[in-house]
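Please treat every number below as a calculation from the coordinates, not as lab data. Please read all numbers here as calculations on a predicted model, not as lab measurements. Using ideal geometry, Cβ is built from the backbone for each residue, glycine included, and neighbour counts are taken over all protein chains shown.
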Amino acid sequence: MSPPSSRADGTALNTRERRADRFADLSAYSLKERFLIRLADRAFYALIKTTGRTTRFAVEGWENFQTASEGGQTPIFVSWHEQVFLATYFWRNRGIVVMTSQSFDGEYIARFIQRFGYGAARGSSTRGGTGALVEMIRLQRAGRPCGFVIDGPRGPRRIAKMGAVLLAKKTGQPILPFAVAPARFVEARSWDRMQIPLPFTRARLSIAPPIFVPPDADDHTLASKRDELQQALDRVNELAAKA
């Protein structure tokens, strides 16, 4: 990817990166909401950090990550919403930009993932998603990897949406499907059946071969690539579940 064509373009990219990496202003929220956002942020950060540090990971398919990262490529990481706890910890401090919703829940999620070295593009498939996807396109073209919990934010569970495929078409970067499954966990009573791993558990992380989307892909090809992504996620989740 060529560098920005002007100093103004470079300044704009720097501004976008800073926005993705810093905490958002909470002035639009009530005093109570601000307190709860900060509380939830720190609580989830501490929980994920503690759990992640005590988890013994077994990784298969690491060569697929290396393939997706060679030659200056920046992968588009894709997994299911239910696996966000261990996925957040495992891929920390890589500058990955993820989409978070413009909502109370989305704000504390953005904050705790930023503490793990992620960037946040605010929006979702239901609230501001188009603007957030454009922001992710610009940041990935500037060299930032991106990530999706591809069935979020409200499901249907384990059904891949189109966001990662569109991003891959626009940027030329590979989609990297993966799954991470703990051996011992508590399942939340939520739409995604969120997996909350127990401390000192084992976990298997399985990475699928990268998926490339041609820049001239039409609607039929895009749908085919989404099906390919769905099948890849189904396969790696079967493998990871053997933890």
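Things worth noting here:
- Burial ordering of Ser190, Ser224, fewest other beta-carbon atoms within 10 Å first: Ser190, Ser224
- With neighbours defined as other Cβ atoms within 10 Å of a residue's Cβ, the residues Trp62, Trp191, Trp91, Trp80 order from fewest to most as Trp62, Trp191, Trp91, Trp80.
- Ordering Phe85, Leu176, Met162 by Cα displacement along the dipole of the chain toward the positive end leaves Phe85 in first place; charges were set at the Cβ atoms of Lys, Arg (+1) and Asp, Glu (-1).
- Taking the chain and dividing mean pair separation by its residue count, relative contact order in percent (alpha carbons under 8 Å, at least six apart): 24
- Cα-centred dipole magnitude for the range 26-240, charges only on beta-carbon of K, R (+1) and D, E (-1), debye, nearest 20: 900
- Bridgeable lysines around Lys225 (alpha carbons under 30 Å apart, same-chain partners fewer than 8 residues away excluded): Lys161, Lys169, Lys170, Lys242.
- Cβ-derived FRET efficiency at R0 30 Å, Asp216 paired with Glu187, nearest 0.05: 0.10
- DSSP beta bridge pairing in the chain, given as percent antiparallel to the nearest 5: 30
- Value of Rg to Rh for the chain (Rh from inverse mean 1/r over Cα pairs, i.e. Kirkwood): 0.95
- Candidate cross-link partners of Lys32 among the lysines, defined by an alpha-carbon separation under 27 Å and a same-chain spacing of 8 or more, comprise Lys49.
- q = 0.15, 0.24, 0.25 Å⁻¹: log10 I(q)/I(0) that the Debye formula gives for the range 174-243, counting C-alpha atoms only: -0.60, -1.01, -1.05
- In nm, spacing of pseudo-spin labels at Ala223 and Phe200 (7 Å Cα→C-beta vector): 5.2
- Counting 0.36 nm for each residue step from Thr54 to Arg18 and taking away their Cα separation leaves a gain of 9.8 nm.
- Likely footprinting exposure, Asp218, Asp192, fewest C-beta neighbours within 10 Å first: Asp218, Asp192
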